[in-house]
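Single-structure report; data block below.
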Amino acid sequence: MAKVGQLSFRLKLKLKPRVPKLLRKSAAKKLHLWRKLRSSPDDVSLQCRYHSCVLEWRPLINSAQESAEVKIIDANNLGSSTDL
């Protein structure tokens, strides 16, 4: 059982911003394909798969960034831009 001091310490820790699951999966897929592509850079089918994965990932990262910015603006706390 957590003591009161330990609990307050845990609450004071700065938590990492949450990343949507779809974005995490897409980034992991992109990283996996990138590593495979670096080991065999002449594989055209692998290049196409990586490129299509990047085209899928870009709008996800842009929408996540946009939603984080909207969240800050809606909170009326423009000084907390470090949460992006």
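The values are calculated or read from the model by the stated rules, or taken from the named source; none is laboratory data. None of these values were measured; they are calculated from a predicted model. Note: ideal-geometry Cβ built from the backbone for every residue, glycine included; neighbour counts use all protein chains shown.
Whenever a residue of region 15-38 is more than 16 Å from Leu55 (Cβ to Cβ), its partners that are hydroxyl-bearing (Ser, Thr, Tyr) and loosely packed, with under 12 Cβ neighbours inside 10 Å, lying with C-beta atoms within less than 9 angstrom and at least six residues away or across chains, give the pairs Pro20/Ser67. Assess whether Ile61 counts as being in a helix (DSSP H, G or I), β-branched (Val, Ile, Thr) and modelled with pLDDT under 90. Taking the combined requirement at face value, the residue does not satisfy it.
Taken over region 15-55, the criterion of being of a type in the set (D, E, K, R) and part of a helix (DSSP H, G or I) is satisfied by Lys21, Arg24, Lys25, Lys29, Lys30, Arg35, Lys36, Arg38, Arg49.
Evaluation of Pro41 against the conditions (1) under 21 Å from Leu15 (Cα atoms); (2) modelled with pLDDT under 95 shows that the sole unmet condition is (1). Taking the criterion of being over 25 Å from Ile72 (Cβ atoms) and of a type in the set (Gly, Ala, Ser), the residues of region 14-51 that qualify are Ala28, Ser39, Ser40, Ser45.
Close contacts from region 63-74, counting a first residue that is within 18 Å of Ser26 (Cα to Cα) and a second that is surrounded by 11 or more Cβ atoms within 10 Å (Cβ to Cβ), with Cβ to Cβ under 9 Å and a gap of 6+ residues or different chains, come to Ser63/Pro20; Ser63/Leu23; Ala64/Val19; Ala64/Pro20; Ala64/Leu23; Gln65/Leu84; Ser67/Pro20. Filtered by the rule that a residue be within 18 Å of the chain's Cα centre (by Cα) and either surrounded by fewer than 11 Cβ atoms within 10 Å (Cβ to Cβ) or of a type outside the set (A, V, I, L, M, F, W, C) (or both), region 51-80 gives Leu55, Glu56, Arg58, Pro59, Asn62, Ser63, Gln65, Glu66, Ser67, Glu69, Val70, Lys71.
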